[in-house]
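**Student:** Sharing a structure here in structure tokens format.
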Amino acid sequence: MPKQENGQKEECVTKNELSESFEEVGAFLSDEEKLHLIDDLTKVNPVTTTTVLKCLQARYRVNLFYTNAGCSLVALNPFQPVSCLYSPELMREYHLALKSQDLKPHIFAVAEETYRNIQGQIDPVNQSIIVSGESGAGKTWTSRCLMKFYASVAASAISPKGNETVERIEKRVLDSNPVMEAFGNACTLRNSNSSRFGKYIQLQLDRFHHLTSASVQTFLLEKTRVAYQAPSERNFHIFYQITKGATAEERLEWNLPEGVEYRWLPNSERNLDEDCFEVTRDAMFHLGIDRSMQNNIFKVLSGLLHLGNVQFSNPVDESQPCELEDKAKDFAKTAGDLLKIPVEELLESLRIRTITAGKQQVFKKPCSKAECETRRDCLAKVIYGKFAGCLWF
Ligand SMILES: Nc1ncnc2c1ncn2[C@@H]1O[C@H](COP(=O)(O)OP(=O)(O)OP(=O)(O)O)[C@@H](O)[C@H]1O
Ligand SMILES: [Mg+2]
């Protein structure tokens, strides 16, 4: 019973209450064989961290990764492919079920229920699904499952012309994933495919409940990662994809000879599934980004890698701009070529600060080594952010 003392509430649990609750927890857990059968956490009694976790653990052990919690769904990450868990047949089963609530907890049940909520209304009300969890929990995976579900379920248009349109939209919806992930995901300590941005995906249906359009808004891209990667982490996947997957001809054109080390490309010896360049290229192509536009994008990305290798050293005379070693000069020249900025202009903007005093007076002041580095990193972040933004919106 809460006790009021000196105007402050204090939780006071008696010995009796404590032993009662231990007994209840004990009684609940004693039937361990049946714990996995609890498919809704609202049926757990008493609700304690232990009972809820034990229940989820028991279900996980028998490959039941989804559990309802009232109107929410708790998804556990199996961390391995589970056959048939996302098959087209299962998708159909959930879609055709008379009452989706009667089916086992699953992300398809949530997807179907939401779809039915739209179908069942005369004046449809927008439906939202929030996918949340800590890094590595499976949000991106779950979002992909939802998009696959809607792309399949809402794709049965009647007329052949309509069919083409829907297929195109469906393909575009699914193809947006590899592109978003290539430019916005990176390998971190917790997840080798960690999304470094938030996204808001909208799918629009017509009055026949067929997919007619889709839009993706992204926000809070972790642009800092372009110029700084924590130890044992990596830059965005796309940089590894171009350096590993470019053809000999492209290497020449993008100035990416093999064997060159880039400071902004740590841990590139690690090969990940996410390093596959072909998937990103095909997806970009289907999204309407043709080969020549892709070429230009990859040249700019290569330019950023070269920019990262432009290192400065303090000048002997402080009134002079920071110096560059010969190697750094070469990298600056290549970066300028690829970014289409004359190298003198690039170096001036990185090494010299322009101060405007009053209306007329303009002073030029050489930057310190640290300032030059900050300016270089900022330039890379701005360029990358603009590119990713253009590709996604
Ligand atoms: N349902 C699932 N079945 C099989 N593997 C899964 C499932 N969900 C997640 N995984 C595995 O876990 C990894 C991490 O999942 P995911 O990238 O979706 O996490 P996230 O919540 O998006 O993390 P972040 O916040 O870092 O982006 C996936 O790459 C995949 O290997
Ligand atoms: Mg993610």
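**Student:** Output the qualifying pairs, or none if there are none: Cβ atoms under 7 angstrom, residues six or more apart or on different chains, first residue in segment 132-145 and closer than 16 Å to His106 by Cα, second residue more than 6 Å from ligand 1 (Cβ to nearest atom) and of a type in the set (Gly, Ala, Ser).
**Tutor:** Matching pairs, first to second residue: Gly138/Ala75; Lys139/Ser132; Thr142/Ala75.
**Student:** Sort out which residues of segment 118-132 are surrounded by 13 or more Cβ atoms within 10 Å (Cβ to Cβ) and either away from ligand 1 (no atom under 16 Å from the Cβ) or within 15 Å of the chain's Cα centre (by Cα) (or both), and write them in order of number.
**Tutor:** If the condition is that a residue be surrounded by 13 or more Cβ atoms within 10 Å (Cβ to Cβ) and either away from ligand 1 (no atom under 16 Å from the Cβ) or within 15 Å of the chain's Cα centre (by Cα) (or both), then Ile118, Pro124, Gln127, Val131 are the ones that fit.
**Student:** May I ask you to say which residue of Tyr150, Tyr115 is out of contact with any Gly (no Cβ under 9 Å at 6 or more places or on another chain), assigned to a helix (DSSP H, G or I), open to solvent by 20 Å² or more (accessible area, probe 1.4 Å) and modelled with pLDDT of 90 or more?
**Tutor:** Answer to the selection: Tyr150.
Listed here are the residues, each with its yes/no results for (1) touching a Gly at 6+ places or on another chain (Cβ under 6 Å); (2) more than 22 Å from Thr224 (Cβ to Cβ).
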| residue | (1), (2) |
| --- | --- |
| Val343 | yes, yes |
| Glu348 | no, yes |
| Thr354 | no, yes |
| Phe363 | no, yes |
| Lys369 | no, no |
| Cys378 | no, no |
| Phe387 | no, no |
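**Student:** Take the residues in segment 68-111 that are of a type in the set (Phe, Trp, Tyr) and more than 16 Å from ligand 2 (Cβ to nearest atom), then tell me which one is nearest to Leu203 (Cα to Cα).
**Tutor:** My answer is Phe108.
**Student:** Report whether or not Phe65 is within 29 Å of Ser194 (Cβ to Cβ), away from ligand 2 (no atom under 16 Å from the Cβ), open to solvent by less than 70 Å² (accessible area, probe 1.4 Å) and touching a Lys or Arg at 6+ places or on another chain (Cβ under 9 Å). Quick ask: steps written out before the conclusion?
**Tutor:** Working: within 29 Å of Ser194 (Cβ to Cβ): yes; away from ligand 2 (no atom under 16 Å from the Cβ): yes; open to solvent by less than 70 Å² (accessible area, probe 1.4 Å): yes; touching a Lys or Arg at 6+ places or on another chain (Cβ under 9 Å): yes.
So Phe65 passes the test.
**Student:** State whether one or more residues within segment 298-319 are surrounded by 15 or more Cβ atoms within 10 Å (Cβ to Cβ) and touching a strand residue (DSSP E or B) at 6+ places or on another chain (Cβ under 8 Å).
**Tutor:** yes
**Student:** Could you tell me whether any residue of segment 196-208 is at pLDDT 95 or above and touching a helix residue (DSSP H, G or I) at 6+ places or on another chain (Cβ under 9 Å)?
**Tutor:** yes
**Student:** Report, by residue number, each residue of segment 281-313 that is assigned to a helix (DSSP H, G or I) and farther than 25 Å from Phe331 by Cβ.
**Tutor:** Arg281, Asp282, Ala283, Met284, Phe285, His286, Arg291, Ser292, Met293, listed by residue number.
**Student:** Given the structure, is Leu189 of a type outside the set (S, T, N, Q), within 17 Å of Arg116 (Cα to Cα), at pLDDT 90 or above and surrounded by fewer than 20 Cβ atoms within 10 Å (Cβ to Cβ)?
**Tutor:** No: the conditions fail for Leu189.
**Student:** Can you name the condition, by its number, that Tyr94 falls short on among (1) surrounded by fewer than 15 Cβ atoms within 10 Å (Cβ to Cβ); (2) assigned by TED's automatic domain parsing to the domain that holds Gln204?
**Tutor:** (1)
**Student:** A further question follows. Residues to consider are Arg351, Arg376, Arg291; find the one that is under 24 Å from Pro257 (Cβ atoms) and open to solvent by 40 Å² or more (accessible area, probe 1.4 Å).
**Tutor:** Arg291
The values are calculated or read from the model by the stated rules, or taken from the named source; none is laboratory data. Please read all numbers here as calculations on a predicted model, not as lab measurements. Cβ coordinates were reconstructed from backbone atoms using ideal geometry, including for glycine residues, and neighbour counts include every protein chain displayed. Accessible surface is based on the protein model in full, side chains and every heavy atom, while ligands, DNA and RNA are left aside. Shrake-Rupley method; radii C 1.70, N 1.55, O 1.52, S 1.80 Å.
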